[in-house]
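The values are calculated or read from the model by the stated rules, or taken from the named source; none is laboratory data. Source: prediction; values computed, not measured. Positions of Cβ are generated from backbone atoms using ideal geometry, with glycine treated the same way; all protein chains shown enter the neighbour counts.
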Amino acid sequence: MNYSEKVMDHFINPRNVGEIPDADGVGEVGNAKCGDIMKMYLKIEGENITDCKFKTFGCGAAVATSSMATEMIKGKSISDALQLTNKAVMEALDGLPPVKVHCSVLAEQAVKAALTDYYQKQGVDPEPIVGKVPEMEEE
């Protein structure tokens, strides 16, 4: 399988790995069956994402897409983060092999799941803002 240099770079040197103990929003998506699970942590002040970290259990593409997604939303506004698409993540990584596209979808879902959690903690109904985030499938 051929990965771009950017995918390899984000896999070998992933950015923002870890967790934020007092995170304002935490989202976990994935599927134990396919083996890719992503957990995203957001620190939010006002309307801005001041910090984000991730923990991903999965293949190299899953780690790379998580890393790139955090880079793309860190320091940005919540509304910018809500616009993040798996296509944008893939383009930023110079593409992914077709069998790995689902990893970029998981990265988008992880960001949205963390924002959903943030809104719920604020006592705001997240659905009109974030939309429906697929539930994590349990085996």
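Tell me yes or no: at least one residue of segment 20-32 is over 24 Å from residue 120 (Cα atoms) and not β-branched (Val, Ile, Thr). Yes: one or more hits. Scanning segment 30-51 for residues that are basic (Lys, Arg) and touching a residue at least 60 places away in the same chain (Cβ under 8 Å), we see that the one that is farthest from residue 119 (Cα to Cα) is 33. Within segment 13-29, residues that are within 11 Å of residue 115 (Cα to Cα) have Cβ atoms under 8 Å from residues that are polar (S, T, N, Q) in these pairs: 25/116; 27/109; 27/116, counting only partners at least 6 apart in sequence or on another chain. Among the residues of segment 22-45, the ones that are modelled with pLDDT of 95 or more and in a loop (DSSP other than H, G, I, E, B) come to 3 in all. Does segment 31-42 contain any residue that is at positive phi and in contact with a Gly (Cβ under 7 Å, 6 or more places away or on another chain)? Yes, segment 31-42 contains at least one residue that is at positive phi and in contact with a Gly (Cβ under 7 Å, 6 or more places away or on another chain). Applying the criterion of being touching a residue at least 40 places away in the same chain (Cβ under 8 Å), part of a loop (DSSP other than H, G, I, E, B) and not charged (D, E, K, R) to the residues of segment 52-110, the residue that is surrounded by the most Cβ atoms within 10 Å (Cβ to Cβ) is 93.
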